[in-house]
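Since the structure comes first, as structure tokens, the remarks are kept for the end.
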Amino acid sequence: MSEFLNTPIEFLKGVGPLRAELLKKELSIFTFGDLLEYFPFRYVDRSHYNTVAELFQLEGHAQMKGFITDVKEVTTGRNKRLTAKFQDNTGVIELVWFQGAKYILPILKKGIPFQVYGKAKLFGSSFNIPHPEIQELDKTDPLKGLKAVYRSTEKLSSKGLHSKGLEKLTSTLVQSLNRHIVEIFPQSMIQELGLLERETAVKQIHYPQNEELAKRASFRLKFEELFFLQMELLLRKQIALSKDKGFIFTEVGDIFMNFYSNHLPFELTNAQKRVVKEIRADFRKGFHMNRLIQGDVGSGKTMVALLAMLIAVGNGFQAAMMAPTEILAQQHFESIKELVKDLSIRVEKLSGSSKKSQRKILHEALENGEIHILIGTHALIEDPVIFKNLGLVVIDEQHRFGVAQRSKLWKKNVNPPHVLVMTATPIPRTLAMTVYGDLDVSVIDELPPGRKPITTEHRFENDRSLVFGFMKREIALGRQIYVVFPLIQESETLDYHNLEEGYESITRAFPLPDFQVSIVHGKLKPEVKAFEMNRFVEGKTQIMVATTVIEVGVNVPNASVMIIESAERFGLSQLHQLRGRVGRGADKSYCLLMTGNKLSKESKKRLETMVRTQDGFEIAEVDLELRGPGDLMGTQQSGIMELKIADLAKDGKIVALSREKAREILEKDTNLNLPEHQFIRERVVKILQEKPNWGKIS
Ligand code: ADP
Ligand code: MG
């Protein structure tokens, strides 16, 4: 990189030691180069303003100019806030800040024109704009063209580095750019994709001449960022394959054959067969397997996992399977034990609730290889378990395990075991490319035959008596019912209160001795939880009132009704998971989404989506669109949240393109030795050095 770009930020005109310190701390801007890569997050079209009157009709954000009147600050009590009236010649609206009053207050001067940007929200019966962006209307600034807006922080703003202050700094820097930024891509690629040159793109992103150039600059920089991300992922995979020698399971083995021919309780779906074949092929390659199985709820991942484990066992290795919850581990243990009861292999369970004495016995049996398959919760990796010869680890519902936990697995054998991760939370393809970019992905895209679609409906609180009536009819038909309440950490006390109230109202409406109601939540002792869960599994109770502890994996085929209370408070993927608990048996199944009458736009969209479709991938797309990738599982861990300009939720097409281009280059030039790839190579080497161990983990 050029010296210019590496110049420490304190040497920039307008940045003293104090501001430099803040820029480093708040935005990790250390050098000129860093500031140039601090991209605006939107542009203001200075030539267009909305009026206050228009605001009430607008769905989205609006930019207005007018005057501040009536500034009020409430500094005590629960209603702490700063408010100001904002007025133009069409009307008045209130601006509100719940935080940062001490930074905003000094800005709010009366009698001079201001520019305000924000979104109106309805509070009670009147509209206001919470936390608007606000600044004095700049008379020196000609009112035309696009102007970059930068994110700032309270601390930076207090030192004059709000968006406008940052813009001033960037402007100084951009003006002195003169071939300091070298082109990194080969000319052939620039031409093929019609990319702006790198330096041009950087200039245009901060100071676009027009909308068209702003778009092209943004495309070029997003593409570049995603290209290097994909390059990194592809190379890590390449490196892992060449370095890690995996155990070779030469045969499928007698145990597998015996089970497959004589004990399989149903015919595998074609998708299951295909995935088993993919796993078998991995086992024979001599490389270390790192495979993810994506399969919607109920697609039969457990059987695939079992078959993989039987191959490992048949080749003289041990296998382990980890589940995210105690209940799920118990259920896997029971069903797998039952499935293999006629084979001469030993299956055991280890979990947080295993007693010390019991643990000791298990440890010994694992160490001398008497146990073939171990099933457990994460206690399995926290525990000082030593295996004789661990060959395969299956991780169920993988998003519940952190990277750190998974990395411990690698230490469980001299050579790392093969790893199979399973998830029922499908993620969109373009996101998978990135989040799981260094894993091989198998998809079970077919449900076992005979599944009937689940009828999903949205019901309001006022319909409760009708819903109870429906429940009674289903119970009379011999069915079982889940009633799930939200439990969110921030409002735990209140949520438990709701859960208990809900439970009481259900026990009143469904009294003993005709009805039996179970309740399961996180505060119960594990024994009690297991006991209640078992009563339901065995059909002794008709209704299971629960929190989301039952969200993952639990399998009770006779349960055919899922009632989700306060459904507006659940995320889409959670709703989908919960619904997946029913529709597992032969009976017609239902999912009722109960909500109050007031619903936000987003909640409405979530509920509509649930009612409309049962396709996990489609639901995942909507989820991604609504929430952004930050909330989807796996993303925090993979470092993709550090993206500077690209957005995985919105830039799916660029993700796909960048992956294709990165792959093309590696196919032609595996080690990036060609002269035209020199700069790509330099950047990639740097990236790989900065994050050395990441690829080994998932
Ligand atoms: P998930 O993929 O959600 O983990 P499970 O493995 O729990 O799904 O399977 C759901 C149910 O489907 C189980 O009762 C299982 O026995 C059954 N099942 C799995 N595969 C098949 C198949 N090929 N044919 C019929 N039933 C199957
Ligand atoms: Mg499962």
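The values are calculated or read from the model by the stated rules, or taken from the named source; none is laboratory data. Keep in mind the model is a prediction, meaning the values are calculated, not measured. Cβ placement follows ideal geometry from the backbone for every residue including glycine, while neighbour counts extend to all protein chains displayed. What goes into the accessible areas is simple: the full protein's heavy atoms, side chains included, and nothing from ligands, DNA or RNA. Shrake-Rupley method; radii C 1.70, N 1.55, O 1.52, S 1.80 Å.
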Total residues in segment 582-602, condition modelled with pLDDT of 90 or more and either under 21 Å from the mean Cα position of the chain (by Cα) or within 30 Å of PRO449 (Cβ to Cβ) (or both): 7
When every residue in segment 267-292 that is within 16 Å of ligand 1 (Cβ to nearest atom) and at pLDDT below 95 is compared, the one most open to solvent (accessible area, probe 1.4 Å) is ARG291
State all residues of segment 538-561 that are closer than 16 Å to ARG584 by Cβ, more than 12 Å from ligand 1 (Cβ to nearest atom) and at pLDDT below 90; if no residue qualifies, say none. ILE550
Any pair with Cβ under 6 angstrom, 6 or more apart, that starts in segment 283-303 at a residue that is more than 10 Å from ligand 2 (Cβ to nearest atom) and ends at one that is among the acidic types (Asp, Glu) and at pLDDT 85 or above: MET289/ASP282
Within segment 345-373, which residues are open to solvent by 60 Å² or more (accessible area, probe 1.4 Å) and of a type in the set (D, E, K, R)? ARG346, LYS355, LYS356, LYS360, GLU364, GLU367, GLU370
Segment 278-303, subset under 29 Å from the mean Cα position of the chain (by Cα) and in a helix (DSSP H, G or I), residue nearest to ILE619 (Cα to Cα): LYS301
Number of the exception - ALA379 against (1) farther than 28 Å from LYS277 by Cα; (2) open to solvent by 20 Å² or more (accessible area, probe 1.4 Å): (2)
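Considering every residue within segment 294-313, establish whether at least one is over 30 Å from ARG579 (Cβ atoms) and open to solvent by 20 Å² or more (accessible area, probe 1.4 Å). Show your work before the answer.
Restricting attention to segment 294-313, the residues satisfying the condition of being over 30 Å from ARG579 (Cβ atoms) are 310-313.
Still in the running and open to solvent by 20 Å² or more (accessible area, probe 1.4 Å): none.
No, every residue in segment 294-313 fails to be over 30 Å from ARG579 (Cβ atoms) and open to solvent by 20 Å² or more (accessible area, probe 1.4 Å).
Restricting to segment 489-514, what's the tally of residues that are open to solvent by 40 Å² or more (accessible area, probe 1.4 Å), charged (D, E, K, R) and under 20 Å from ALA567 (Cβ atoms)?
Looking only at segment 489-514, we keep the residues that are open to solvent by 40 Å² or more (accessible area, probe 1.4 Å), and these are 489-490, 492-494, 497-498, 500-501, 503-504, 507-508, 511-514.
Then keep just the ones that are charged (D, E, K, R); that gives 490, 492, 500-501, 504, 508, 514.
If we keep only those that are under 20 Å from ALA567 (Cβ atoms) too, we end up with 490, 492, 500-501.
Here the count works out to 4.
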Per the list (1) open to solvent by 70 Å² or more (accessible area, probe 1.4 Å); (2) over 30 Å from LYS598 (Cβ atoms); (3) assigned to a loop (DSSP other than H, G, I, E, B), residue check on SER188 breaks on (3)
Out of (1) open to solvent by less than 30 Å² (accessible area, probe 1.4 Å); (2) not in a loop (DSSP other than H, G, I, E, B), the odd one out for ARG683 is which? (1)
Any idea which of (1) more than 16 Å from ligand 2 (Cβ to nearest atom); (2) over 29 Å from the mean Cα position of the chain (by Cα); (3) open to solvent by less than 50 Å² (accessible area, probe 1.4 Å) is the one MET231 doesn't satisfy? (2)
Condition check for LYS65: closer than 22 Å to HIS162 by Cβ, open to solvent by 60 Å² or more (accessible area, probe 1.4 Å) and part of a strand (DSSP E or B): yes
Look at ASP342 and say whether it is out of contact with any Asp or Glu (no Cβ under 7 Å at 6 or more places or on another chain), over 27 Å from ILE427 (Cα atoms) and not hydrophobic (A, V, I, L, M, F, W, C). yes
Residues in segment 304-318 that are outside any strand (DSSP E or B) and either away from ligand 2 (no atom under 16 Å from the Cβ) or of a type in the set (Asp, Glu) (or both) total 8
Examine segment 211-227 for a residue that is free of Cβ contacts under 8 Å to residues at least 40 places away in the same chain, away from ligand 1 (no atom under 16 Å from the Cβ), open to solvent by less than 20 Å² (accessible area, probe 1.4 Å) and part of a helix (DSSP H, G or I), and state whether such a residue exists. yes
Pairs, first within 12 Å of GLY316 (Cα to Cα) in segment 359-372, second part of a helix (DSSP H, G or I) and open to solvent by less than 80 Å² (accessible area, probe 1.4 Å), C-beta under 8 Å, six or more apart: ILE371/LEU362; ILE371/ALA365; HIS372/VAL313
Checking ALA201 against (1) more than 29 Å from the chain's Cα centre (by Cα); (2) closer than 26 Å to GLY652 by Cβ; (3) exposed (fewer than 15 other Cβ atoms within 10 Å of the Cβ), which single condition isn't satisfied? (3)
Going through segment 648-676 one residue at a time, which ones are over 20 Å from GLU192 (Cβ atoms), in contact (Cβ under 8 Å) with a residue 40 or more places away in the chain and out of contact with any Leu (no Cβ under 6 Å at 6 or more places or on another chain)? GLY652, THR670
